[in-house]
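S.K.: Attaching a single structure in structure tokens format; questions to follow.
Nothing in this text is a laboratory measurement; each read-out follows from the coordinates by a stated rule. Model, not experiment: these values are computed from the prediction. Here the Cβ positions follow ideal geometry from the backbone for every residue, glycine too, while neighbour counts run over all protein chains shown.
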Amino acid sequence: MSRPPVAIERLDLTAQGQVRYRLKTPYRDGTTHIVLEPLDFIARLAALVPLPRVHLTRFHGVFAAHAALRAAITPAGRRAWEKRAAAQPPTPKDIRMNWARRLRRVFGIEIEQCVRCGGRLKVIASIEDPQLIEKILAHRRERGEEGAPTGVLGARAPPQASLF
């Protein structure tokens, strides 16, 4: 807290157990102290605490949160405003990187090219059920196909530190 709501130096208890607060500047009527019951003092102090999730500063006009011209006048918004004015059309979907291209880029796994003929492959399905995957791989092992992994699929080993 940068500044407390009550100066402790001006706060003290009276002999009757009441809270006395000395004012920094006297009121117009000459009052220099406020004397309250302890419960009343706590109630007034609690009234100064803002409600949770309530903004303490309110902006109006062009400074309001959803004002149309706010971006044109605030420093952070001016850059966005200028960028928006000179915006380019969005990237077409066919140029965006799909998951198969990401696999090739990150792990070096090429799944869009046939290992036999080098032709382009198209992904038509993704099998994610472990039991079905094991069944397919067991069938490939029975037929003696090359590239069929041996052993049962299980948990992967932790990453090797030497690769990083």
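S.K.: Can you compute the charge dipole magnitude of the stretch 98-148 about its Cα centre, using +1 on each Lys and Arg Cβ and -1 on each Asp and Glu Cβ, nothing else charged? Give it in debye, rounded to the nearest 20. Write out the running numbers ahead of the final one.
M.R.: On the way: 11 positive and 8 negative charges, 63 e Å.
Rounded to the nearest 20 debye, it is 300 debye.
S.K.: Residues with amide H under 5 Å of Leu121's amide H, sequence separation 5 or more or different chain, H placed in the peptide plane at 1.01 Å from N; which?
M.R.: Gln113, Cys114
S.K.: How far apart, in nanometres, would the label points at Ile124 and Lys24 be if each is projected 7 angstrom from Cα along the Cα-to-Cβ direction?
M.R.: The answer from the label model is 7.9 nm.
S.K.: Based on the Cβ-Cβ distance from Val49 to Gln16, what FRET efficiency comes out when R0 is 22 Å, to the nearest 0.05?
M.R.: On the way: r = 27 Å, r/R0 = 1.24.
It comes to 0.20.
S.K.: Would you kindly derive the ³J(HN,Hα) couplings of the stretch 29-34 from the backbone phi angles with the Karplus curve 6.51 cos²θ - 1.76 cosθ + 1.60 (θ = phi - 60°), listing them in order in whole Hz, with x for Gly and Pro?
M.R.: Per residue, the Karplus-derived 3J(HN,Hα) values read 7, x, 5, 10, 9, 10 Hz.
S.K.: Tell me the net charge near Leu11. Cut-off is 13 Å between Cβ atoms, Leu11 excluded, with +1 for each Lys or Arg and -1 for each Asp or Glu. Don't skip to the answer; put the middle values down first.
M.R.: Details: positive: Arg10, Arg20, Arg22, Lys24, Arg44; negative: Glu9, Asp12.
Taking every Cβ under 13 Å from that of Leu11, the sum is +3.
S.K.: Apply the Debye scattering formula to the stretch 1-71, with a single equal point scatterer on each alpha-carbon and no solvent, then give log10 I(q)/I(0) at q = 0.26 Å⁻¹.
M.R.: Treating every Cα as an identical point scatterer, log10 I(q)/I(0) equals -1.22.
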